[in-house]
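Scroll down for the structure; my scribbles are underneath it.
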Ligand code: SAM
Ligand code: SF4
């Protein structure tokens, strides 16, 4: 399996399918800035070669992200191709939910095993304000449909924003009371484009932890291959609450993921200073060549991001790589 000099092992690939997005979340694409490189997106065949290479290197889980991955017309083919790759056991999708209600059945038929839906507010007006899209009701209906269709792994991503949801914990707790979902609060991360927004809106997850603990929520044991989220449960709630706190100490200690952009750039870290082009290795189906490349590049993976020093590397916004 792929390993870096700090003995971290990498079994999880986050693959961005596009830089395009139909939302304009104020923390991600502030001032409506856009990030669009549609012409250069990896093709289905290149994705097949990529995932076969990662699988040969021990990858078992692939998350499809973006931009907004559901803008890819061949999304179902991509899901199917990834799922049919020997060694890949989990195919997850991170989406803003725009097409969820309409398309979830197709995604499941193609082999999707897990879903993350981004919902930053449960108030329709606030949701509209944050994302630029007045679609909360339809997205929530999509979540209900995914659950009704039996998808066991549904997570909600909520970026903690001082002004927009910092005082809304009770509403989110009510939401998970009778739903088997994991709602995860993600601390806002600074990127190249969102500096002043970050200063105004960043809120530490520790205040949420204090409130949860005071209300009887308990930290669950960390599961094997789990991400960096701290997961809290309460006997009176079907759902759980997670905290993703990239500014906390030890956040990077168990890093198990590598990222590839929609144009075939390897990101050794979400906030890397440099990216490595691997697209030339995808023209042919040659897993050993890709494995050798990845193992060689991993020797340069830094131990940690430098967000505490406001160093965001080359990452202008997360739509260019998928978070
Ligand atoms: N468009 C899809 C979506 O929103 O779910 C997938 C891509 S989006 C970049 C992936 C995740 O990153 C979303 O949950 C989004 O809320 C989160 N995100 C984007 N910018 C962020 C930032 N600056 N800090 C923390 N999370 C961020
Ligand atoms: Fe688009 Fe997702 Fe960024 Fe929102 S968070 S602008 S939906 S990529």
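The values are calculated or read from the model by the stated rules, or taken from the named source; none is laboratory data. Since this is a predicted model, take the numbers as computed values, not measurements. Positions of Cβ are backbone-derived with ideal geometry, glycine not excepted, and every protein chain shown enters the neighbour counts.
The condition of being crowded, with 19+ Cβ neighbours inside 10 Å and either at pLDDT below 95 or away from ligand 2 (no atom under 12 Å from the Cβ) (or both) does not hold for residue 45.
Within the range 91-144, the set of residues being surrounded by fewer than 17 Cβ atoms within 10 Å (Cβ to Cβ) and touching a strand residue (DSSP E or B) at 6+ places or on another chain (Cβ under 8 Å) comprises 111, 114.
For the range 213-223, the criterion of a residue being in contact (Cβ under 8 Å) with a residue 24 or more places away in the chain, within 16 Å of ligand 1 (Cβ to nearest atom) and either part of a loop (DSSP other than H, G, I, E, B) or surrounded by fewer than 16 Cβ atoms within 10 Å (Cβ to Cβ) (or both) is satisfied by no position. Can you find even one residue in the range 295-313 that is more than 16 Å from ligand 2 (Cβ to nearest atom), at pLDDT 90 or above, touching a helix residue (DSSP H, G or I) at 6+ places or on another chain (Cβ under 8 Å) and not in a loop (DSSP other than H, G, I, E, B)? For the range 295-313, residues more than 16 Å from ligand 2 (Cβ to nearest atom), at pLDDT 90 or above, touching a helix residue (DSSP H, G or I) at 6+ places or on another chain (Cβ under 8 Å) and not in a loop (DSSP other than H, G, I, E, B): absent. For the range 95-123, the tally of residues that are within 10 Å of ligand 1 (Cβ to nearest atom) and more than 13 Å from residue 146 (Cβ to Cβ) stands at 4.
The condition of being crowded, with 19+ Cβ neighbours inside 10 Å and more than 16 Å from ligand 1 (Cβ to nearest atom) holds for residue 81.
Within the range 294-322, residues that are without any contact (Cβ under 8 Å) to a residue 40 or more places away in the chain and within 25 Å of residue 57 (Cα to Cα) have Cβ atoms under 8 Å from residues that are more than 16 Å from ligand 2 (Cβ to nearest atom) and outside any helix (DSSP H, G or I) in these pairs: 297/266; 297/268; 297/276; 300/268; 302/268; 302/269; 302/272, counting only partners at least 6 apart in sequence or on another chain.
Quick check: anything in the range 59-68 without any contact (Cβ under 8 Å) to a residue 24 or more places away in the chain, on the phi < 0 side of the Ramachandran plot and away from ligand 1 (no atom under 15 Å from the Cβ)? No, the conditions are met nowhere in the range 59-68.
Quick one: how many residues across the range 56-100 are within 16 Å of ligand 2 (Cβ to nearest atom) and part of a helix (DSSP H, G or I)? Give the derivation first.
Step one: of the range 56-100, the residues within 16 Å of ligand 2 (Cβ to nearest atom) are 63-72, 75, 92-100.
Add one more test, that the residue is part of a helix (DSSP H, G or I), and what stays is 69-71, 75, 100.
Number of matching residues: 5.
Scan the range 104-158 for residues that are part of a helix (DSSP H, G or I), touching a residue at least 12 places away in the same chain (Cβ under 8 Å) and under 18 Å from residue 178 (Cα atoms) and the total you get is 9. If you go through the range 278-323 and keep only what is over 27 Å from residue 55 (Cβ atoms), more than 16 Å from ligand 1 (Cβ to nearest atom) and under 21 Å from the mean Cα position of the chain (by Cα), you end up with just 304. If you go through the range 232-261 and keep only what is touching a residue at least 24 places away in the same chain (Cβ under 8 Å), over 29 Å from residue 298 (Cα atoms) and away from ligand 1 (no atom under 16 Å from the Cβ), you end up with 236, 237, 238, 239, 240.
Residue count for the range 169-200 under the criterion of being touching a helix residue (DSSP H, G or I) at 6+ places or on another chain (Cβ under 9 Å), surrounded by 19 or more Cβ atoms within 10 Å (Cβ to Cβ) and not in a helix (DSSP H, G or I): the result is 10.
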